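Okay, so here's the structure we're looking at.
Just so you know, all these numbers are worked out from the coordinates, no wet-lab data involved. This is a predicted model, so every value here is computed, not measured. Here the Cβ is made from the backbone with ideal geometry for all residues, glycine too, and neighbour counts use every protein chain on show.
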Amino acid sequence: MKKIILFSLLIVLIRPVHAQVLSQSNQQSVRNPLPSPYQLKWHEKNYYLFIHFGPNTFTNKEWGDGKEATAIFNPSQMDCDQWCRIAKAAGAKGIIITAKHHDGFCLWPSKFSTHTVGQSIFKRDVLAELSAACKKNGLLFGVYLSPWDRNHPDYGTEQYNTVFVNMLKEIFQNYGPIWELWWDGANGEGPNGKKQIYDWERFEKTVRSISPQTVIFSDIGPDIRWIGNENGNASTTNWNLLDTIGFKRGIGAPPNDTLQQGNYRGANYIPAEADVSIRPGWFYHQTENNQVKSADDLMNIYLNSVGRGANLLLNVPPDDRGLISSYDSSALINFFKKRSLFDGPNLLKNASISIGEPDRNNIKKPYSWYYVLKKPVLINGLILEEDLKYGQKISAVNITISISGETKLQQKITTVGNKRIILFPQPIETSEVAIVVLESKGMPVFKTLKAF
């Protein structure tokens, strides 16, 4: 009987797809929401760029007031292909652009506004050019569309909800496919001094009807949640689950620490995205050229976001020429070089493996993976990934790094989720690696167990 159990678990480790029968039967006894196919694909693209671009780029503001003359927007050297080349060279999987920020200026010639590139000296359709450049460079394309509009005369009336729906239709029908739609809950006064009551349900239904594969971000989803800060930091415990009853999108969201950690028994599968800017501000300001985050800074952010199971949305704003500056591109490329550490061969690949699981006579015995290497090697850290198509299950893991039976490092972690990166303070010579799952919602199913 024990040999059969060990053989089954070995298949789970090496070929997770074969764990379906075992895991699904266990899943029925543990109420644990599963991701949609689109959320699973989103998890795979765990690092991409944000582009804040618009009149604020020229007025040196972060939040425009909607009174800016359209003539001010004139990025005479704009090259969306340059943005995409840099994003791709930096290892990013896509770009999300601020199609309309709070000032109401549209980066496409919308028929439902008079505050657009169509009325500017520039004239060119930024969304069309970026969508084409993303396709050319094999990148995903997403849009940020602020519901707040400080320019539109209908803002603060029911008619504005129709305006916003029509804008969504324009974007999805003319510039798709749209991979991710980004909403914040910004809600201030419009030019008439009124605030808007947003019809979120109508907005979401519009998107779902046109593009059901698009994942939608807001503070509480429906598909992706905010991480609770703009520093790019996820919590060391990060559940992809969230309870949303009693909260409304844009107002009354759960406390930030709840957004960071999620809910262990959350009713909805809403994983976290961590947004942060490479600069102090979100839009380009020349005075911040010497304050661009270094490759080391970006690496720490990556470890605290992607390395804790969240996705990373890194803002890199083009300058007033319409180009990503050399300050930003240099930091991005050096950041990419540092991350190459994780892409090396799996140093556990040829190790012998002993696998254990609880049995009827000893239900307190944990699930365990014990690797013995043929000869000692230096390792910098570990990467653990759950196979999330069976749900996120693991809540406590003990890791022991040894050489010839002598413990060199022991570390406890909580959640694993999409990816958990454990980077050691310094390389450790090891001949044994033990991974013991102390707590889990049923049988854990790993997609990756890697030493680098």
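A few notes on this one:
- For residue 97, the residues 5 or more places off, or on other chains, whose built amide H falls under 5 Å of its own are 51, 142, 143, 144.
- Within the same chain, lysines fewer than 8 places from residue 61 are excluded, and of the rest, those with a Cα less than 18 Å from its Cα are 100.
- Mean residue ellipticity, 222 nm, helices only, the chain: the sum of -39500 (n - 2.57) across DSSP H runs of n ≥ 4, divided by residue count and rounded to 500, is -7500 deg cm²/dmol.
- Ranking of 383, 197 by neighbouring Cβ atoms within 10 Å, starting from the fewest: 197, 383.
- For the listed residue pairs 136/205; 419/447; 338/412; 364/389, the alpha carbons are over 21 angstrom apart in 136/205; 338/412; 364/389.
- Zone residues, segment 92-113, relative to residue 186, backbone N less than 14 Å from point 7 Å out along Cα-to-Cβ: 97-107
- Residue order for 85, 225, 249, fewest other beta carbons within 10 angstrom first, comes to 85, 249, 225.
- Here segment 309-387 and segment 154-212 have alpha carbon centers that stand 38 Å from each other.
- Sorted on the mean count of surrounding Cβ atoms within 10 Å across their residues, most packed first, peptides 413-419, 315-321 read 413-419, 315-321.
- Extension gain for residue 300 to residue 423 (0.36 nm times residue separation, less C-alpha to C-alpha distance): 43.2 nm.
- 386, 357 arranged by Cβ crowding within 10 Å, fewest neighbours leading: 357, 386
- Peptides 430-436, 41-47, ordered by how many other C-beta atoms sit within 10 Å of their residues on average, highest first, read 430-436, 41-47.
- Packing here is the average count of other Cβ atoms within 10 Å per residue, and on that basis the peptides 295-302, 174-181, 207-214, highest first, run 174-181, 295-302, 207-214.
- Förster radius 51 Å - calculated FRET efficiency between residue 343 and residue 267 (Cβ-Cβ, nearest 0.05): 0.90
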